[in-house]
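What follows is a short report on a single structure.
The values are calculated or read from the model by the stated rules, or taken from the named source; none is laboratory data. Bear in mind the structure is a predicted one, so any value in this text is a computation, not a measurement. FYI the Cβ positions are ideal-geometry reconstructions off the backbone, even for glycines, and counts take in every protein chain you see. Only protein heavy atoms, including side chains, enter the accessible area calculation; ligands, DNA and RNA are left aside. Shrake-Rupley method; radii C 1.70, N 1.55, O 1.52, S 1.80 Å.
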Amino acid sequence: MSLSGATTSGALRRFDSAFPEGTDLAIVFLGRNDMRFGFSMDTTRRNLNEIVGRLRARNVEVILAGFYSRDFSDIAAKHGAHYYPDFFDGVAENGVKKSGYTLIWDIIGHLNARGYQEVVTRLSP
């Protein structure tokens with residue numbers, strides 16, 4: 001369950017409600033807000049490691065996504081999760097989202113429906 005402004009710490013606190021029993025697949029894309037709010041990389045990595053580890057312990061298939069300047073492939077490998085190196089592949093360049101893929105009114109640059117469709121197309125097998 002996504003939540004605008006979510007951090008890895010917040011996601012960890014909401015783990016049970018975000019990933020209820022019976023969850024089959026989780027796309028874990030967290031860390032940008034950690035970076036934005038000044039969390040240490042150690043904190044982000046520790047929290048992602050716990051989130052992915054807990055999901056895999058429940059036999060949930062996980063796609064862990066990195067993003068421009070952040071690589072979490074080692075966490076995915078450690079837990080046998082799938083890894084996608086850049087969540088914004090195709091909709092951003094050097095970490096800056098391309099026009100046409102973002103909400104017009106949103107100064108932060110959240111993706112619009114077209115942007116998410118592109119992401120889903122690239123994440124799908």
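Could you check the stretch 70-79 and list, in sequence order, the residues that are open to solvent by 50 Å² or more (accessible area, probe 1.4 Å) and farther than 13 Å from F29 by Cα?
Listed by number, the residues that qualify are D74, A77, K78.
Output the residues belonging to the stretch 1-33 that are hydrophobic (A, V, I, L, M, F, W, C) and either in a helix (DSSP H, G or I) or under 16 Å from H79 (Cβ atoms) (or both).
Those that are hydrophobic (A, V, I, L, M, F, W, C) and either in a helix (DSSP H, G or I) or under 16 Å from H79 (Cβ atoms) (or both): A11, L12, F15, A18, F19, L25, A26, I27, V28, F29, L30.
Can you pull out the residues in the stretch 89-125 that are among the hydrophobic types (A, V, I, L, M, F, W, C) and either surrounded by fewer than 11 Cβ atoms within 10 Å (Cβ to Cβ) or not in a loop (DSSP other than H, G, I, E, B) (or both)?
Within the stretch 89-125, A92, V96, I104, W105, I107, L111, A113, V119, V120, L123 meet the criteria.
Could you say whether any residue in the stretch 34-41 is of a type in the set (G, A, S), at pLDDT below 95 and either exposed (fewer than 12 other Cβ atoms within 10 Å of the Cβ) or outside any strand (DSSP E or B) (or both)?
no
Given the residues A76, A6, A81, which is the only one that is closer than 20 Å to V119 by Cβ and at pLDDT below 95? Talk me through it step by step, then tell me what you get.
On the way: A76 fails: at pLDDT below 95; A81 fails: at pLDDT below 95.
Of A76, A6, A81, the one residue that is closer than 20 Å to V119 by Cβ and at pLDDT below 95 is A6.
Give the residues of the stretch 57-69 that are open to solvent by less than 60 Å² (accessible area, probe 1.4 Å) and over 11 Å from the mean Cα position of the chain (by Cα), sorted by residue number.
Once the filter is applied, which keeps residues that are open to solvent by less than 60 Å² (accessible area, probe 1.4 Å) and over 11 Å from the mean Cα position of the chain (by Cα), the stretch 57-69 yields only V60.
How about the stretch 8-34: which of its residues are over 10 Å from the mean Cα position of the chain (by Cα) and more than 11 Å from V60 (Cβ to Cβ)? Give the derivation first.
Of the residues in the stretch 8-34, the ones over 10 Å from the mean Cα position of the chain (by Cα) are 9-25, 33-34.
S9, G10, A11, L12, R13, R14, F15, D16, S17, A18, N33, D34, listed by residue number.
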